[in-house]
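Engineer: Before I ask anything, let me first share the structure, which is written out below as structure tokens.
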Amino acid sequence: SNSVLTITMNPSVDISYPLDHLKIDTVNRVKEVSKTAGGKGLNVTRVLKQLDVPVTASGIIGGTIGQYILNQLDENKVDHAFMKINQESRNCIAILHDDGDQTEILESGPSLSESDEESFLEHFEDQVSGFSLVTISGSLPQGLSTALYSKMVKVAAKHNVPVILDSSNEALRLALEADVKPFMIKPNQDEIAQLIGKEVEDLDDLKDKLATEEIFQDIPWIVVSLGSKGCFVKHIDKFFKVNIPKIHAVNPVGSGDSTVAGLAAGIVNQESPEDVMKRAMTVGILNTLQEKTGYIDINQYKDYFEKVNVVNY
Ligand code: ATP
């Protein structure tokens with residue numbers, strides 16, 4: 001099989017309120033409201049679906065907000081198998097106002113316990129063996145241990161299923177420090193700097209740090225995304241710079257998630273390392289060309305794929 005299980009531990013309904021001008025301490029009326037299923041893992045899910053990769057979305061979900069998310073997944077014919085809880089999943093509100101300003105109001109979401117964590121690990125273990133790859137994206141809800149992702153990597157490894165982990169801070173660090181490592185990570189430059197507590201100067205410096213810092217050892221794939229500059233990759237003992245064409249970015253939000261979807265698609269389709277990297281960058285670019293988050297126009301795929309090139313570094 002080539003199916004992917006995506007994990008979103010704190011999904012949301014992302015509400016967008018466009019306003020000409022945000023007035024404080026009074027009423028703002030909004031006409032064009034959009035409400036979409038959000039959370040980084042659900043962006044990955046949507047893009048995998050558009051890449052024709054069989055995908056199932058999992059994680060923790062609850063309440064009427066959770067049901068709204070599940071209904072949207074159903075409408076888009078996305079399979080899902082979340083663990084249900086008795087608390088409400090969250091709303092995340094973005095107010096778009098005054099020519100490009102964005103004011104966000106983000107709920108923290110459910111507050112969970114150790115027993116929720118144990119139940120989820122069982123839920124995950126029950127489902128994981130049916131998939132060829134797992135992607136884990138984003139942060140953890142309150143109350144769960146920062147070691148949860150490292151535990152999930154271990155459970156997946158027990159069933160020989162590789163994990164792509166796209167997270168940050170302590171949850172990422174603990175997964176990298178564990179005995180059983182993730183198969184792939186996709187940090188951006190900030191996340192690399194955060195992990196080692198040092199700024200990265202340039203690509204030579206990045207290569208040096210990926211090669212020597214203890215925390216980066218024994219991870220088969222480290223894909224450091226560099227926004228409009230493409231990405232820098234460590235794969236086993238080789239290093240690559242992937243160059244991408246100059247484009248007019250419309251909305252880059254979710255490009256990292258789209259890149260993860262491209263990486264996952266390349267891996268489950270058993271493409272060559274070069275093609276995996278090219279596919280990931282192409283999908284990231286296609287997302288930045290769209291207004292919508294976690295959305296690509298697959299008809300543009302071939303044109304951009306041909307303009308991405310991988311060089312040994
Ligand atoms: P996010 O957190 O917004 O999802 P990220 O920081 O994880 O993003 P980026 O490095 O910004 O990820 O973007 C991932 C990939 O998307 C890049 O490697 C590139 O292929 C594409 N991309 C992002 N921004 C641009 C841009 N301005 N022009 C062209 N491609 C872009």
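Each reported figure results from applying straightforward, stated rules to the coordinates on display, with no laboratory input. Worth saying up front: this structure is predicted, and the values here are computed from it rather than measured. Glycine also receives a Cβ, built like all others from the backbone with ideal geometry; neighbour counts cover every protein chain displayed.
Engineer: Give the order of Lys84, Lys77 when sorted by the count of other beta carbons within 10 angstrom, beginning with the fewest.
Structural biologist: Numbers: Lys84 12, Lys77 7.
So the ranking, lowest neighbour count to highest, is Lys77, Lys84.
Engineer: Taking amide H positions as placed 1.01 Å from N in the peptide plane, with prolines and chain starts having none, which residues 5 or more places from Val13, or on another chain, fall under 5 Å of its amide H?
Structural biologist: Gly38, Arg90, Asn91, Cys92
Engineer: Give me the count of lysine pairs in segment 6-147 whose alpha carbons sit under 25 angstrom apart, restricted to pairs 8 or more positions apart or on different chains.
Structural biologist: 10
Engineer: Let me ask another. Using a/c under 1.5 as the rounded threshold, could you call segment 226-282 rounded, prolate or oblate? The axes a ≥ b ≥ c are square roots of the C-alpha gyration tensor eigenvalues, and prolate needs a/b larger than b/c, oblate otherwise.
Structural biologist: Values: a/c = 2.17, a/b = 1.42, b/c = 1.53.
Oblate is the answer for segment 226-282, as a/c is 1.5 or above yet b/c matches or exceeds a/b.
Engineer: Can you tell me what share of the DSSP beta bridges in the chain is antiparallel? A percent to the nearest 5 is fine.
Structural biologist: Numbers: 25 of 57 bridges.
Antiparallel: roughly 45 percent of the beta bridges in the chain.
Engineer: Next question. HN-Hα J couplings of segment 181-197 from phi, Karplus 6.51/-1.76/1.60, θ = phi - 60°, integer Hz, Gly and Pro as x?
Structural biologist: 9, x, 6, 8, 10, 10, x, 9, 4, 4, 5, 4, 4, 4, 5, 9, x
Engineer: Return Arg46, Arg279, Arg173 ranked ascending by Cβ neighbour count within 10 Å, so the fewest neighbours appear first.
Structural biologist: Going from sparsest to densest Cβ surroundings: Arg173, Arg279, Arg46.
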